[in-house]
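The values are calculated or read from the model by the stated rules, or taken from the named source; none is laboratory data. Since this is a predicted model, take the numbers as computed values, not measurements. When we count neighbours, we look across all protein chains shown, and the Cβ atoms used for this are built from the backbone with ideal geometry, even at glycine. Remember, those area values only see protein heavy atoms, side chains included, never the ligands or the DNA or RNA. Shrake-Rupley method; radii C 1.70, N 1.55, O 1.52, S 1.80 Å.
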Amino acid sequence: MADSTDPQSQQPQLSEAQIAVHWREENTLPPPPPFIAQANAAEAEIIERFSEAHFPDCFTEYADLLTWDRRWDQVLDTSNPPFWKWFTGGRLNACFNCVDRHLATSGNKAAFIWVPEPEDQLTQVITYQELYRRVNEFAVLLEDFCGLKAGDRVTFHLPMVPELPVAMLACARLGVIHSEVFGGFSGTACGDRIADSGSRVLVTMDGYYRGGSLVDHKVKADEALLAAEKHGQEVDKVLVFRRRPGQYASASPMVEGRDFFVDELLPQYRGRTVKPVSMPAEAPLFLMYTSGTTGRPKGCQHSTGGYLAYVAGTAKYHLDIHPEDTYWCAADIGWITGHSYIVYGPLALGTTSVLYEGVPTYPDPGRCWRIAERLGVNIFHTAPTTIRMLRKLGPEEPRRYDYRFKLMTTVGEPIEPEVWRWYHDEVGKGEAVIVDTWWMTETGGFLGTTLPALQPMKPGSCGPGALGILPVIYDEDGNTVEAGSGKAGNICIRNPWPGVLQTVWGQPERFVDIYYAKYNRNRDSKDWHDWPFLCGDGAVQAADGYFRILGRIDDVINVAGHRLGTKELESAALTVPEVAEAAAVPAIDEVRGRAVEMYVALQPGLAASEEIRHSVAAAIEREIGKIARPAHIWIVPDMPKTRSGKIMRRVIAGISNFADVGDTSTLANPEIVDDIRHRVQSDKIAAGHVPRVLTPEETQEIQEFGKAE
Ligand code: WTA
């Protein structure tokens, strides 16, 4: 709240929408003719078919890509806004759609090709037939041995191994709701998610290869169970896959009666099959947890019929996947990208999906291109952070390999036009079309991107709305920010779509608050027009209708394409007894997009020490995972605070980024700012950091950081 005696409040307040965004408009590139000649969406008429006039029926075209046990009665049920229901009355099974229905024509075709990280280990080809066997056997195990049935939840904490999609599809076969926690997350983070979802079974692995070593993973299961127990959630079975069957890779003991090696159990189920359970279209298929503005993670609940239809349709038209393609998405299945565009979308279309276990630059920056060359990958899907890293370490490496991509994707964070051009010219050899796909965990599939044969590419912009998606930018007051105005605002989606999350697991009020409350026009309205969906990103729309995404508007830091909640980071730091206050801010990082910098103030009377800094890093790694490890931990005498005691994150974010910290006269302790600035910036410079001038968008992001609180 502004203080009325404060000189600031006398000045007109600038809303986000009024802040002009300046950047050079990039030239567009047309899709290459050979791509157009083979594209799934090659006639401009498809854009008309998916226009607002045909909403919501246009999405039946996506649903028709699936095999239904019973056809739907209604395309979109809006009777309980904003809990939309798609294809109600319809019944289907997701596993049947991804596996069984391909057996007759493609049983012998590779569903997955799995590449282990060590280059001397054999690639595994899993045909649709073999996948069918493995999924069935594991499904019978889940049913018989674990007693699971439709509607139960199971947590997975699995790395990038074929056992992960096998387990997902086995759950889908039974109507059991899976919840995969990214393998790199800590045991504690996994335990919190086990508890939130109410899972009684955890599926994990003893170890996996990463960066050249076999990582002990089972140890995290023990931590996870302790964390779950603290929340009152008992887990009665832990199923442990062994990375090398017969050889246990973990130092953590197996607990008698609780922990079981899957390779010892499976022989009993050899050849057993279970009928796919016919599920209502709106039955939940899985949960995917993500970070939001408070510490408690949000379990985004995705549906069976709507979600599967949406990922199949977008994979067909926007990724241009044909059954004959060899498609490689180098994301981790532990994130939404992997669920939608490694497993469910590509398999629903009956294509071959490549899985890679390890680090893209291991053992050298040519690894990805060797994989692409050897397997004949023709669609490649990755994130800007990986592209930046590959460019830095091996700018000319792609030229040494003989592969040809027809299409490449970038996803997860904004891509700088320079990096985009390297991706296009070097990785794509000037021949591949690029789709920049903007979306989020909550949305199931793409929201903003191009139709690769019909709409030109523009470096740094994702494109217009995806088929059937009606994006709009609103200012703080709900006025539309016009295309071409050069102004930024909050990007929203005006209409419901089949891939949108159904709710936040166990927190329906929070679901309404986070995504709909801001721009809802009337809480009682049953008209979808009154319920725009708030995506949580700032964006600008150019005169040609293309959107450029500026990043999150809530207090989430996007590190290497992964959303980390500042509250989660800060509460992890606060588990260190010496720490009194903690604030996490983003620092602009040339490779990872954003890095986390953690500021901590200690309990009275304590002196800063290397040990404390070490404990904070260890706490964050323990509570969240290595991925969240801060680039710097600064121990400061006090935090800059408002008179009401709120930590001003934008001020410290400004310091970390050598940006203007803005007006500090309203702080309760303005004198602390120079003190902190001096400590932090001189340390950084002494360590060899060369500050660069931020772009106007970066400056805006930093200066507004934490503003949503
Ligand atoms: C960001 C990942 C710019 C955005 C699929 C979003 C992007 C957040 C893009 C969601 C893109 C994703 N261009 N920014 N193409 N794709 N983002 O939930 O800020 O892990 O809100 O889903 O990533 O991250 P999430």
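Just checking, how many residues over region 479-493 are open to solvent by less than 30 Å² (accessible area, probe 1.4 Å), among the aliphatic types (A, V, I, L, M) and at pLDDT 95 or above?
3
So in region 429-443, with the set limited to residues that are in contact (Cβ under 8 Å) with a residue 40 or more places away in the chain and away from the ligand (no atom under 16 Å from the Cβ), which one is nearest to the chain's Cα centre (by Cα)?
The extreme case among them is A432.
For region 617-643: of the residues being part of a loop (DSSP other than H, G, I, E, B) and farther than 17 Å from V556 by Cα, which is modelled with the lowest pLDDT?
Only one residue tops the list, namely R643.
Give region 305-335 a look and list any residue that's open to solvent by less than 10 Å² (accessible area, probe 1.4 Å) and either β-branched (V, I, T) or without any contact (Cβ under 8 Å) to a residue 24 or more places away in the chain (or both), or say none.
V311, T314, I321, I333
Would you pick out the residues in region 205-262 that are touching a Phe, Trp or Tyr at 6+ places or on another chain (Cβ under 7 Å), open to solvent by less than 20 Å² (accessible area, probe 1.4 Å) and touching a residue at least 60 places away in the same chain (Cβ under 8 Å)?
Listed by number, the residues that qualify are H217, L239, V262.
Residues that are of a type in the set (G, A, S) and under 26 Å from the mean Cα position of the chain (by Cα): which strands (runs of 3 or more DSSP E) entirely in region 202-260 hold 1 or more of them?
By residue number, 207-210, 213-216.
Keeping to region 386-418, report how many residues are more than 24 Å from G538 (Cβ to Cβ), in a strand (DSSP E or B) and either open to solvent by 10 Å² or more (accessible area, probe 1.4 Å) or within 13 Å of the ligand (Cβ to nearest atom) (or both).
Number of matching residues: 1.
Name the residues in region 574-587 that are crowded, with 19+ Cβ neighbours inside 10 Å, under 23 Å from A659 (Cβ atoms) and more than 16 Å from the ligand (Cβ to nearest atom), would you?
Scanning region 574-587 gives A582, A583, A584, V585, A587.
Restricting attention to region 665-702, and to residues there that are open to solvent by less than 40 Å² (accessible area, probe 1.4 Å), farther than 28 Å from N490 by Cα and aliphatic (A, V, I, L, M), which single residue is farthest from the chain's Cα centre (by Cα)?
By that ranking, first place goes to I672.
Has region 598-608 got any residue that is open to solvent by 20 Å² or more (accessible area, probe 1.4 Å) and within 16 Å of the ligand (Cβ to nearest atom)?
Checked against the condition, which is being open to solvent by 20 Å² or more (accessible area, probe 1.4 Å) and within 16 Å of the ligand (Cβ to nearest atom), region 598-608 yields no hits at all.
Assuming V140 fulfils every condition listed in (1) in a helix (DSSP H, G or I); (2) open to solvent by 10 Å² or more (accessible area, probe 1.4 Å); (3) out of contact with any Gly (no Cβ under 9 Å at 6 or more places or on another chain); (4) not hydroxyl-bearing (S, T, Y) apart from one, which condition is it?
(2)
Being more than 23 Å from E282 (Cα to Cα), away from the ligand (no atom under 16 Å from the Cβ) and not in a helix (DSSP H, G or I) is the filter here, so list the residues in region 304-343 that pass it.
D320, I321, H322, P323, E324, D325, T326, Y327, W328
Being touching a Phe, Trp or Tyr at 6+ places or on another chain (Cβ under 9 Å), more than 22 Å from H562 (Cβ to Cβ) and open to solvent by 10 Å² or more (accessible area, probe 1.4 Å) is the filter here, so list the residues in region 355-371 that pass it.
Within region 355-371, just R370 meets the criteria.
A quick yes/no check of all residues on (1) open to solvent by 50 Å² or more (accessible area, probe 1.4 Å); (2) part of a loop (DSSP other than H, G, I, E, B); (3) among the aliphatic types (A, V, I, L, M):
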{"position": "L451", "(1), (2), (3)": "no, yes, yes"}
{"position": "G460", "(1), (2), (3)": "no, yes, no"}
{"position": "L467", "(1), (2), (3)": "no, yes, yes"}
{"position": "D477", "(1), (2), (3)": "yes, yes, no"}
{"position": "N495", "(1), (2), (3)": "no, yes, no"}
{"position": "G506", "(1), (2), (3)": "yes, yes, no"}
{"position": "R510", "(1), (2), (3)": "no, no, no"}
{"position": "K518", "(1), (2), (3)": "yes, yes, no"}
{"position": "D524", "(1), (2), (3)": "yes, yes, no"}
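I588 is checked against (1) closer than 25 Å to A189 by Cβ; (2) assigned to a strand (DSSP E or B) and fails just one. What number does that condition carry?
(1)
A quick yes/no check of all residues on (1) out of contact with any His (no Cβ under 9 Å at 6 or more places or on another chain); (2) at pLDDT below 95; (3) within 21 Å of V354 (Cα to Cα):
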{"position": "L122", "(1), (2), (3)": "yes, no, yes"}
{"position": "Y128", "(1), (2), (3)": "no, no, yes"}
{"position": "V135", "(1), (2), (3)": "yes, no, yes"}
{"position": "G198", "(1), (2), (3)": "yes, no, no"}
{"position": "K230", "(1), (2), (3)": "yes, no, no"}
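When you check G536 against the structure, is it within 16 Å of the ligand (Cβ to nearest atom) and either hydrophobic (A, V, I, L, M, F, W, C) or modelled with pLDDT under 90 (or both), yes or no?
Against the criterion (within 16 Å of the ligand (Cβ to nearest atom) and either hydrophobic (A, V, I, L, M, F, W, C) or modelled with pLDDT under 90 (or both)), G536 does not qualify.
Within the set of pairs 6+ apart or on separate chains, which have a first residue in region 644-659 that is in a helix (DSSP H, G or I), a second that is of a type in the set (S, T, N, Q), and C-beta atoms under 7 Å apart?
Sorted first by the residue in region 644-659, then by its partner, the pairs are R650/Q703; V651/T664; G654/Q703; I655/Q681.
Can you pull out every residue in region 262-291 that is over 22 Å from R173 (Cα atoms) and assigned to a strand (DSSP E or B)?
T290
Would you confirm whether or not region 177-188 contains a residue that is in a loop (DSSP other than H, G, I, E, B), crowded, with 24+ Cβ neighbours inside 10 Å and of a type in the set (S, T, Y)?
Within region 177-188, one or more residues are in a loop (DSSP other than H, G, I, E, B), crowded, with 24+ Cβ neighbours inside 10 Å and of a type in the set (S, T, Y).
When both residues are 6+ apart or on different chains and their Cβ atoms are under 9 Å apart, which pairs have a first residue that lies in region 413-426 and is touching a residue at least 60 places away in the same chain (Cβ under 8 Å), and a second that is away from the ligand (no atom under 16 Å from the Cβ) and open to solvent by less than 30 Å² (accessible area, probe 1.4 Å)?
Filtered contacts from region 413-426: H424/A432.
For G662, all conditions in the list (1) small (G, A, S); (2) modelled with pLDDT under 85; (3) at negative phi hold save one; what is the number of the exception?
Only one criterion in (1) small (G, A, S); (2) modelled with pLDDT under 85; (3) at negative phi is unmet by G662, namely (3).
Check G350, G313 and return the single one that is modelled with pLDDT of 95 or more, of a type in the set (G, A, S) and in contact with a His (Cβ under 6 Å, 6 or more places away or on another chain).
Step by step, each of G350, G313 is checked, and only G350 is modelled with pLDDT of 95 or more, of a type in the set (G, A, S) and in contact with a His (Cβ under 6 Å, 6 or more places away or on another chain).
Could you check, for region 372-385, whether at least one of its residues is within 16 Å of the ligand (Cβ to nearest atom), among the β-branched types (V, I, T) and surrounded by 19 or more Cβ atoms within 10 Å (Cβ to Cβ)?
Yes, that holds for at least one residue.
What are the residues in region 352-374 that are under 12 Å from E117 (Cβ atoms), part of a strand (DSSP E or B) and over 18 Å from the mean Cα position of the chain (by Cα), if any?
none
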